[in-house]
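Novice: Can you keep this structure in mind? I'll have questions shortly.
The values are calculated or read from the model by the stated rules, or taken from the named source; none is laboratory data. Values in this document were obtained by computation on a predicted structure and should not be read as measured data. FYI the Cβ positions are ideal-geometry reconstructions off the backbone, even for glycines, and counts take in every protein chain you see. Please note that ligands, DNA and RNA were not included when accessible areas were found on the heavy atoms of the full protein model with its side chains. Shrake-Rupley method; radii C 1.70, N 1.55, O 1.52, S 1.80 Å.
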Amino acid sequence: MTLFTVHDSPLGELLLTGEESAGGIALTSLSLPGQRGAPPARPGPRRDDRAFAAATTQLDAYFAGRLTRFELPSAAAGSAFRQRVWRALEDIPYGTTTTYGALAERLDVPRTEVRALAAAVGANPLLIVRPCHRVIGADGSMRGYAAGVERKVWLLTHEGALRPLPVH
């Protein structure tokens, strides 16, 4: 059965969806308001905040600066290629960035398929938990982020990968 919860964060209200099983809940989506391709606001037949307690506890710890890697079961649907790219995202260390080209090289994806790799990164249904925000352009630019480039910058600054801009 599909369940959902909403959870406040510094980036806005997070929508978490998951599939219930005998072992608990496996995340299928974590999205932000206004996100491209986000599931509808009420994706499942039942809201169950307790089922997502581990996820929301880890998210709170991440936003408080006490957690650098999520350990949550997930069941996000995607092709074998997307699943491979998404697993690689989980290996990008907290506080660092990588480029689309470097990620492609690490996965032995030919240069002719870097766009497909970028599309897979962009289709990541588990924002924040699976850190696609850590992938940037080769020139250091903040390429697209489904929840908005300003949120990508916020996440990278929060993690220490970017320096905060001085306020004048």
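Novice: Which residue pairs have Cβ atoms under 8 Å apart, sit 6 or more places apart or on different chains, and have a first residue in the stretch 102-113 that is under 11 Å from ALA88 (Cβ atoms) and a second that is basic (Lys, Arg)?
Specialist: So the pair list comes out as ALA104/ARG111; LEU107/ARG84.
Novice: Quick check on my filter: what residues within the stretch 92-125 are assigned to a loop (DSSP other than H, G, I, E, B) and either touching a strand residue (DSSP E or B) at 6+ places or on another chain (Cβ under 8 Å) or under 18 Å from LEU27 (Cα atoms) (or both)?
Specialist: If the condition is that a residue be assigned to a loop (DSSP other than H, G, I, E, B) and either touching a strand residue (DSSP E or B) at 6+ places or on another chain (Cβ under 8 Å) or under 18 Å from LEU27 (Cα atoms) (or both), then ILE92, THR97, ALA123, ASN124, PRO125 are the ones that fit.
Novice: For the condition assigned to a loop (DSSP other than H, G, I, E, B), under 21 Å from THR157 (Cβ atoms) and within 17 Å of the chain's Cα centre (by Cα), what is the one hit in LEU67, LEU72?
Specialist: LEU67
Novice: Residues VAL149, VAL135, VAL129: which one is out of contact with any helix residue (DSSP H, G or I) (no Cβ under 9 Å at 6 or more places or on another chain), under 23 Å from PRO33 (Cβ atoms) and not polar (S, T, N, Q)?
Specialist: The unique qualifying residue is VAL149.
Novice: Looking for something on the phi > 0 side of the Ramachandran plot and surrounded by 14 or more Cβ atoms within 10 Å (Cβ to Cβ) - is there at least one such residue anywhere in the stretch 108-125?
Specialist: no
Novice: Checking TYR62 against (1) touching a Phe, Trp or Tyr at 6+ places or on another chain (Cβ under 9 Å); (2) part of a loop (DSSP other than H, G, I, E, B); (3) hydroxyl-bearing (Ser, Thr, Tyr): exactly one of these is not met. Which one?
Specialist: (2)
Novice: Right, here's the next one. Looking only at residues in the stretch 42-82 that are open to solvent by less than 40 Å² (accessible area, probe 1.4 Å) and free of Cβ contacts under 8 Å to residues at least 12 places away in the same chain, which one is nearest to THR17 (Cα to Cα)?
Specialist: Taking the candidates together, the pick is ALA61.
Novice: For the stretch 1-20, how many residues meet the condition of being closer than 24 Å to ALA64 by Cβ and either buried (at least 18 other Cβ atoms within 10 Å of the Cβ) or touching a Gly at 6+ places or on another chain (Cβ under 7 Å) (or both)?
Specialist: Qualifying residue count, the stretch 1-20: 8.
Novice: So SER29 fits all but one of (1) surrounded by fewer than 18 Cβ atoms within 10 Å (Cβ to Cβ); (2) within 19 Å of ASN124 (Cα to Cα); (3) out of contact with any helix residue (DSSP H, G or I) (no Cβ under 9 Å at 6 or more places or on another chain); what number is the exception?
Specialist: (1)
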